1. Among the residues of the stretch 23-58, which ones are under 22 Å from residue 96 (Cα atoms), touching a residue at least 60 places away in the same chain (Cβ under 8 Å) and out of contact with any helix residue (DSSP H, G or I) (no Cβ under 8 Å at 6 or more places or on another chain)?
2. Just one of 70, 100, 88 is at pLDDT 95 or above and surrounded by fewer than 12 Cβ atoms within 10 Å (Cβ to Cβ); which is it?
3. Just the residues that are in a helix (DSSP H, G or I) and closer than 22 Å to residue 81 by Cα, please, taken from the stretch 36-57.
4. For residue 108, state whether it is loosely packed, with under 14 Cβ neighbours inside 10 Å, without any contact (Cβ under 8 Å) to a residue 40 or more places away in the chain and touching a strand residue (DSSP E or B) at 6+ places or on another chain (Cβ under 6 Å).
């Protein structure tokens with residue numbers, strides 16, 4: 001039963017990954033709300049997903065499945081909103097689309113880091129005045 005639930009969560013995650021990536025032209029900034037159905041717990045785990053995302057889609061699916069089974073990434077039962085805290089890295093995925101890795105927090109606790117997510121688009125750096 002445990003393996004069945006893990007497989008179902010991973011399948012749901014894979015089908016819902018484009019939630020945060022719906023608009024490749026989106027300009028993100030600190031404080032924006034991002035809606036996604038997965039979160040990776042630490043930087044090392046999300047960087048493994050990034051590495052796979054630069055190769056091909058099958059690699060991404062396999063990596064997320066493996067990380068979810070190790071509880072390093074979590075698939076949510078439905079897409080939830082998160083608060084963008086900061087940009088970790090910017091890169092081009094296997095389709096040559098600008099992709100970002102964000103540090104995120106719960107909307108109810110916007111100052112407490114929760115994990116990392118991927119999103120398509122660009123990041124607007126706040127230059128102050």
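1. The answer is 23, 24, 25, 26, 27, 28, 29, 46, 50.
2. Numbers: 100 fails: surrounded by fewer than 12 Cβ atoms within 10 Å (Cβ to Cβ); 88 fails: surrounded by fewer than 12 Cβ atoms within 10 Å (Cβ to Cβ).
Being at pLDDT 95 or above and surrounded by fewer than 12 Cβ atoms within 10 Å (Cβ to Cβ) holds for just one of 70, 100, 88, which is 70.
3. Answer for the stretch 36-57, where residues must be in a helix (DSSP H, G or I) and closer than 22 Å to residue 81 by Cα: 43, 45, 46, 47, 49, 50.
4. no
The values are calculated or read from the model by the stated rules, or taken from the named source; none is laboratory data. These numbers come from a predicted model, not from an experiment. Note that each Cβ is placed from the backbone with ideal geometry, even for glycine, and that neighbours are counted across all protein chains shown.
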